[in-house]
1. With the crude spin-label approximation of a point 7 Å out along Cα→Cβ, what separation in nm comes out for ILE137 versus GLN110?
2. In 5 Å bins starting at zero, report the fraction of Cα pairs in the stretch 40-133 per bin as a rounded %.
3. What's the extension gain from ILE171 to VAL154 if we count 0.36 nm per residue and subtract their Cα-Cα distance?
Amino acid sequence: MSRRFTRVIAFVVALATLSFVGVGAASAATAPDTTATTASTLSAPVTGKADDGSTFDGTFTPTKFATQNGKLVAIGDLTGNLTRADGSTAAVDKAVTVPVNTAASTGSCQILDLVLGPLDLDLLGLVVHLDTVHLNITADQGPGNLLGNLLCAVTGLLDNTGGLNLVLGQIASLLNQILGLLG
C-alpha cells in the first residue's frame with residue numbers, strides 16, 4: 001500500500017469521525033419510516049479530498065463501540081471509491097476504528113471561586129479598608145484553548161465521580177445495545 005493511499009485513508013477516517021455523530025443523529029431524527037430500520041440507516045456518508053487531489057466518496061457503518069486506551073471508539077466498515085489525482089480509481093472496503101468525541105468541545109468549568117469579606121486595618125494611624133473581594137476563575141474549553149482544556153480535565157480528575165474508563169465502558173455498552181435494536 002502506498003504512503004499516499006495510507007494518508008488518504010487516514011484523512012477519510014478523520015472525516016468519518018467528524019461526520020459520524022452529527023450525520024448519524026440527523027438521519028435517525030429525519031427518518032420517515034421507523035418500522036423498517038436497516039443497517040444502511042446507520043451508515044454515515046464520508047467524503048474527502050487530500051492535498052494531492054485524490055478524493056474519496058463512501059460510507060462508514062458502525063458495527064460496535066468499545067473503549068481503547070481510555071477513549072470511546074466506533075468500530076465499523078469503511079466502503080467507497082478512492083479516485084486518485086491521476087484519474088485511476090480503487091475500491092475501498094476496510095474495517096476501521098474511529099474515535100468518538102465524548103466530551104463537550106466547548107463550555108467552561110469553574111476553577112476557583114474565592115470570596116474575602118471586608119478587611120479593616122489600623123496600624124499606628126494608618127487606616128486600610130478593603131471591601132469585599134470576589135475572585136472568580138473560569139476555564140473555557142474548546143479547540144485551541146490548551147490551558148482551558150487542561151485545567152477542566154484536571155478539575156474533572158479531582159471530582160469523586162468514579163473512573164473515566166468505567167463511564168466510557170458503560171457508554172459503549174449502551175451504544176452497542178442501541179445498535180442491536182436498530183440493526
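1. Spacing of the two 7 Å Cα→Cβ label points: 1.5 nm.
2. Per 5 Å bin, starting at 0, the Cα pair percentages come out as 3, 10, 11, 11, 10, 9, 6, 4, 4, 3, 4, 4, 5, 5, 4, 3, 2, 0.
3. Numbers: separation 17, 0.36 × 17 = 6.12 nm, distance 2.15 nm.
Length gained between ILE171 and VAL154: 4.0 nm.
Taken together, the values in this text are just the output of simple stated rules run on the coordinates, not laboratory data. Computed from a predicted structure; not experimentally measured. All Cβ positions, even for glycine, are placed from backbone atoms using ideal geometry, and neighbour counts span all protein chains on display.
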